[in-house]
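Input: a single structure, listed below in structure tokens.
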Amino acid sequence: MCLTTDGSFNLVHTFQDKKLLLLLVVASTVILKHITVTDGAGHMISIAKPGCPDKCGSVSIPYPFGIGDGCFLNQDFRVNCTNNVAVLPSTITTTANDDDAGKDDGIHLLGIDVARGEARVQGPVASFCNYTDSNATTTDVLLQLGLPFAVSETKNKFTGIGCLTVAFISGQNKHDYSSACGSFCADEESIDGSKECSGMGCCQTTIPRNLNNFYFSFEDFVVNPVRNFSPCSYGFIVEEESFEFDPSYAISSNFKEQHGDGVPLVLDWVVGNETCAQAKKNQSSYACRDKNSICVDTPTGMGYLCNCSQGYGGNPYLDGSSQVVSLPREMQEHHRKLHVFMPTRNSEQGSQERTLHSQQQNIHSLLGLILCISALLFKCQKRQLAKEKEKFFKQNGGHILYQQILSKQIDTVMIFTVEDLKKATDNFDKSREIGIGGHGTVYKGILENKRVVAVKRSKIMNVVETEEFVQEIIILSQINHRNVVRLLGCCLEVEVPILVYEYIPNGTLFELIHENHGGPPVSLEDRLRIAQESAQALEYLHLSINHTIVHGDVKSLNILLDENYMAKVTDFGASRMLPKDAVQLMTMVQGTLGYLDPEYLQEQKLTEKSDVYSFGVVLLELITGKTAIYYEGNKEGKNLAMSFLQALENNRVQSMLDTSIICVGTEELFKEVVELASRCLSFKGEERPSMTQVADKLKAIRSTWSEMQSLKHEETQHLPDERSSTDSDCDLSSSIYLATRMLGVDMAPSHADHYHTIEIMLDDRSRVSGLDSMDAEINGKLWL
């Protein structure tokens, strides 16, 4: 008998297998009977430090936690018990409509698991309610846990509830970590009664490891067509197994009534932030006090925990707490007979020898039985695995694709086995990961022919017609453009098909612009080139092979750079490989916040003009150096597109441009790029240009710029040993602009060329012209 993946059973119809099945049942009964353990002394094992309370209300408080002085390991484990309510030290700050609403110096404790190193608490809930255009209330939440606590990445999910909800979660300073999820529903009827967080009224996403300080907030939509039936949105981290979504939460006040005080949240904790090897070197602070305790390094890397050694129970943090956990009396007798043998020749000896011999025979028989059962199970598992592969291959259209390849002589698609890809990626080893996103994980793979490829293992897939999926694969594999990443093939014998792409070595445009730590800034020429190449790629997708392909996820993370830093667009067609009832939702969840077409919120449909809007945001990233959602100081995240349009309306666009390119380009050049970006970001799709028009415009801008650079080069040929006055003025202008920003003076870069009217007093260590020492002390004043 074989256990299938869905929990049902397949009978193996052979006489031998049925005999082994009977033996398996009998052996399982015997083994289960003998592995039941109890506390041999029958005593309750003390969990709190002697003389200290072990409960607060109904919550048990085991050491290293404790109530009162001297009852806990250190202040991090102090539990305050007031009115039978246990509270852990932490800081919860709520912000209502940008004003501090209050602080709570603790989080309610619901339970503690010493063995697992977990604490169950009542987590906070953020909310956003938009009743009218002028009546919106926002309650954002900042939770500061601090070491030794962190939110469990395996037990919790970040969850958003509402019908027009984009809930953000970020690190305390908003730069360390940022993620979000979105949920939508056009009307009350669109919530079908499902209790799954599938994107209709409820969304969920994972959280990173070792998160202990985080901030909840929401996207404030100017247009809110659902407020009449779903005015409120909620965001929170919740224990996944204890939370069940009720559709009424999205369209009524039921959620607030049931969970207004908070939701269950599981925290990981450690007793020390070092490894076991490091902790044992300092016995005075080493927390595993009992002689029968062992030290365990936590898988999260936060530090270490203590557990009892095998065969013992108790509290490993208390000296002398452990007790032997005994086997049943029958097993103790078996154990004694097997190990006690008196070397005397008498009847008692003979009896003991016969008993020993009998027990040894039983053990040998049991071992043989276990080996036979293991062999049978392995055979069943192997057979079941082969059936699953065949089922998935057929389900994903493998046979149809194979026939298409044979009949049409298509040589652009390769079909890989899962063994091929496991071998290529070292069994999908973590060290081979080169990208993790909303769709899934990308691995670097090396095929048998030594070709390097990118292997994309997706999380979810659209339940589409098989022929439609096969046609999609064929179309995508036939794409052949120098600025588009090629799809080489796929593996169809797994539940979610694995796609294989050409490998692009130099990372993403996002990394080049925003994570270029210590490297020289990207030149204006390279920015214009990358913009033009990316636009040409999208133009090709929109017009290629008589089949429009909407990218659906245009962003700087999906523009890769090859060995020559040529742009190559990837993840095209992504929206067609997502669940049909959550296509638009998941477009947001996978990380496109800040790139999202506002018209999509009304039409619920991705079009070529949606790609144009997202490309407009990428263009802004190139000329401003800012991310699509960016932060200034400790303020909330700002939407780059919205900030740009507001600056354009107020004639302040120049203040947003990247200072490293301001003085290199001309006013006319920036004016043209800004005008193109603003057209791409038009609220109505019909007012946006096509990608062909965008690509042509960028080509013309770049051509004009190249001609100007050539003329400038010819003019400066007669000055081989000194820089031109234009370059010098440019450097000084940029330096003065940066200096004024450091002093808090908001001066538009376009005015910085009047540097002769500005006097800056610096100490002797600074040089205005180069501003090489950015950390120079600015002692004096600035006069305009």
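The values are calculated or read from the model by the stated rules, or taken from the named source; none is laboratory data. Keep in mind that what you see is a predicted model, and the values were worked out from it rather than measured. In this analysis, Cβ positions are derived from the backbone assuming ideal geometry, glycine residues included, and neighbour counts consider all displayed protein chains.
A quick yes/no check of all residues on (1) loosely packed, with under 13 Cβ neighbours inside 10 Å; (2) touching a strand residue (DSSP E or B) at 6+ places or on another chain (Cβ under 7 Å); (3) part of a strand (DSSP E or B):
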residue: Asp246; (1), (2), (3): no, no, no
residue: Ala250; (1), (2), (3): no, yes, no
residue: Leu265; (1), (2), (3): no, yes, yes
residue: Cys288; (1), (2), (3): no, yes, no
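Listed here are the residues, each with its yes/no results for (1) buried (at least 20 other Cβ atoms within 10 Å of the Cβ); (2) assigned to a helix (DSSP H, G or I); (3) not assigned by TED's automatic domain parsing to the domain that holds Lys697.
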site	(1), (2), (3)
Leu476	yes, yes, yes
Glu493	yes, no, yes
Phe510	no, yes, yes
Ile513	yes, yes, yes
Glu525	no, yes, no
Leu528	yes, yes, no
Ala531	yes, yes, no
Ala535	yes, yes, no
Leu541	yes, yes, no
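Of the candidates Ala700, Ala641, Ala647, Ala695, the single residue that is under 31 Å from the mean Cα position of the chain (by Cα) and part of a helix (DSSP H, G or I) is Ala641. With the structure loaded, tell me whether Glu649 is out of contact with any helix residue (DSSP H, G or I) (no Cβ under 8 Å at 6 or more places or on another chain) and assigned by TED's automatic domain parsing to the domain that holds His551 or whether it fails that test. Judged against the criteria, Glu649 is a match. Please verify whether Asp319 is in a loop (DSSP other than H, G, I, E, B), of a type in the set (Asp, Glu) and surrounded by fewer than 19 Cβ atoms within 10 Å (Cβ to Cβ), treating the condition exactly as stated. Criteria met by Asp319.
Here Phe255 clears all of (1) closer than 19 Å to Cys197 by Cβ; (2) touching a Ser or Thr at 6+ places or on another chain (Cβ under 6 Å) except the condition numbered (2).
Scanning the stretch 153-165 for residues that are in a loop (DSSP other than H, G, I, E, B) and buried (at least 24 other Cβ atoms within 10 Å of the Cβ) yields a total of 2.
The set of residues in the stretch 561-607 that are under 20 Å from the mean Cα position of the chain (by Cα) and modelled with pLDDT of 75 or more comprises Thr570, Asp571, Leu593, Gly594, Tyr595, Leu596.
Each residue in the stretch 467-521 was checked for being touching a residue at least 40 places away in the same chain (Cβ under 8 Å) and within 30 Å of Asp658 (Cα to Cα), and 15 of them qualify. When Gly616 is tested against (1) at pLDDT below 75; (2) part of a helix (DSSP H, G or I), only condition (1) is not met. Scanning the stretch 640-669 for residues that are closer than 26 Å to Gly518 by Cα and not β-branched (Val, Ile, Thr) yields Leu640, Gln654, Ser655, Met656, Leu657, Asp658, Ser660, Cys663, Gly665.
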